[in-house]
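Nothing in this text is a laboratory measurement; each read-out follows from the coordinates by a stated rule. Since the model is a prediction, treat every value here as computed from it, not as a measurement. FYI the Cβ positions are ideal-geometry reconstructions off the backbone, even for glycines, and counts take in every protein chain you see.
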Amino acid sequence: MGLKKQWSLFAYDIRNEKRLQRVRRCLEREAMYCQHSVYLACLSAPEKQRLLQRLHERMKSEDDLRVYPVRHPREVWQWGNSQAVQSNEPGFFKRIIQF
């Protein structure tokens, strides 16, 4: 049996353009883009720990990374004109609740 996966919302503020690009590329490999500097991922605990380690290696103390647990993508609320989270992964809940 596989490890249980959990949803997490990653948000970052990187002070340097070069580091920003490195962090963005790292997250793009593992997570789905939501909006500028915000990504959503469904990862097992070891996968999440490896991703956090890779992100930490690309950041400095002046940068900021926040990771919030999300029970399911349908609990993510969207307001405004940005596109909802989209994924081609089978079984991914494609509709984000909108006001």
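Out of the trypsin sites (Lys or Arg not before Pro) in the stretch 1-61, which ones are loop residues according to DSSP with at most 15 other C-beta atoms within 10 Å? Don't skip to the end; give the middle numbers.
Details: sites: Lys4, Lys5, Arg15, Lys18, Arg19, Arg22, Arg24, Arg25, Arg29, Lys48, Arg50, Arg54, Arg58, Lys60; in loops: Lys4, Arg15, Lys60.
Loop-located and lightly packed - Lys4, Arg15, Lys60.
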As straight-line cross-link partners of Lys5, the qualifying aspartates and glutamates (C-alpha separation under 20 Å, not fewer than 8 residues apart within one chain) are Glu28, Glu30, Glu47, Glu75, Glu89
